[in-house]
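Undergrad: Attaching a single structure in structure tokens format; questions to follow.
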Amino acid sequence: MSDSKIDAVSEDPEGYDVSAVENWVKENISGLQPPFIWTRLEGGHSNLTYQLDDNQGRQAVIRRPPLGELLPKAHDMGREWSLISALGPTQVPVPEAIGFCESADVTGAWFYIMGMVNGRPLYTEEDTLDWVPEEKRQTTAFSFIDVLADLHSLDPDEIGLGELGKKENYIGRQLKTWYRSWTSSIEAAQFDDPRAHELQQYFLENMPDQGMARVVHGDYGLHNCLIGPDAKVAAVVDWEISTLGDPLADLAYALNWWPEPGDEIPVKEDAATVPPGFPPRSALATRYGERTGRNLDQLDYYIGFNRWKSAAIVHGVYARYMEGKKSTEGIDLEELLERVEKSLAQSEQAVNRLK
């Protein structure tokens with residue numbers, strides 16, 4: 001399988017002019033021979049992602065943004081393409097970069113084609129139970145953290161990604177962006193919480209030195225890793241929000257869904273990391289520190305920051321629902337608000353461990 005769960009063979013793939021795309025492939029990619037069997041792959045930030053099977057039995061994956069009006073930096077196919085192209089020759093596993101079309105004339109949007117990877121993402125407890133035997137879960141966990149450590153060991157300039165984003169003040173810029181999101185959402189959400197303001201002030205006043213900027217994935221988790229049959233990470237996918245920044249912020253985000261015995265607030269009940277056999281969050285952090293040589297004394301700062309940021313993101317989503325900008329059909333608004341409060345509580349706990 002590839003980066004998502006297979007849905008069904010598609011006669012009329014959403015967002016694609018099949019004949020135009022297949023003609024483009026004929027003219028630009030030598031390793032694939034249309035016509036293709038198109039199979040929708042679910043997941044991947046709502047990007048329209050399909051498995052392509054050609055008439056010689058070869059497979060690939062095609063991705064383009066969803067239909068409709070998009071935010072300026074959302075669903076950036078060019079960014080994803082540049083990342084997998086640059087990381088391909090490194091020790092960080094990514095799908096093969098096969099072809100990129102930056103002409104919207106072909107099918108209405110930029111798209112790219114990447115190699116098929118034999119692996120599965122782990123979204124839920126059920127995914128883990130179905131794909132990774134208990135005796136191999138430590139292998140999965142250590143591979144997961146080793147790949148992130150390897151990513152953060154790369155010099156962006158040396159691999160052609162030095163212009164991926166601003167190199168300075170990653171945390172400061174994030175605090176400004178997401179605090180603005182929180183304050184601008186208060187009226188629509190009809191909800192505010194003093195902890196959001198107090199925590200933002202604390203993070204501003206106690207910001208650690210960033211050090212050298214590294215490539216940060218931005219959404220690194222088992223849901224964006226294809227776990228191969230050997231239980232190791234076969235490829236990392238969904239690089240569309242990747243940028244340059246503080247690697248410890250990326251690490252703290254990656255640890256969000258890994259439980260630790262004694263957690264006062266447990267991770268999501270059906271998280272992929274819940275089944276037995278996985279090492280605790282602290283073991284992954286220790287392994288990362290040993291592999292990179294980075295000082296993790298301030299890790300709780302970054303954990304607190306990420307929890308606060310998560311609260312701001314969900315608060316903004318909740319505000320759009322309350323404002324009527326998104327359909328609330330099938331949406332549990334109370335659960336969304338609970339997630340905001342839970343994230344703020346987890347952020348506060350992390351900060352208290354630092355004091």
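Undergrad: Given the criteria free of Cβ contacts under 8 Å to residues at least 40 places away in the same chain and assigned to a helix (DSSP H, G or I), does VAL317 qualify? Give the derivation first.
TA: Details: free of Cβ contacts under 8 Å to residues at least 40 places away in the same chain: yes; assigned to a helix (DSSP H, G or I): yes.
Taking the combined requirement at face value, the residue satisfies it.
Undergrad: How many residues are closer than 23 Å to GLN346 by Cβ and either loosely packed, with under 13 Cβ neighbours inside 10 Å or touching a Gly at 6+ places or on another chain (Cβ under 6 Å) (or both) when one looks only at the stretch 200-215?
TA: So the answer is 2.
Undergrad: Residue check, ASP219 against (1) of a type in the set (D, E, K, R); (2) more than 17 Å from GLY289 (Cα to Cα); (3) touching a helix residue (DSSP H, G or I) at 6+ places or on another chain (Cβ under 6 Å), all met but one. Which one?
TA: Unmet condition: (3).
Undergrad: Given the criteria within 22 Å of ASN256 (Cβ to Cβ) and at pLDDT below 95, does ALA74 qualify? Let's see the steps before the verdict.
TA: Details: within 22 Å of ASN256 (Cβ to Cβ): yes; at pLDDT below 95: yes.
In short, yes.
Undergrad: Cβ contacts < 6 Å: first residue without any contact (Cβ under 8 Å) to a residue 12 or more places away in the chain, restricted to the stretch 327-355; second residue surrounded by 10 or more Cβ atoms within 10 Å (Cβ to Cβ), any location; separation 6+ or different chain. Result?
TA: From the stretch 327-355, the pairs are THR328/TYR321.
The values are calculated or read from the model by the stated rules, or taken from the named source; none is laboratory data. A quick note: this is a predicted structure, and the numbers were derived from the prediction, not measured. Glycine also receives a Cβ, built like all others from the backbone with ideal geometry; neighbour counts cover every protein chain displayed.
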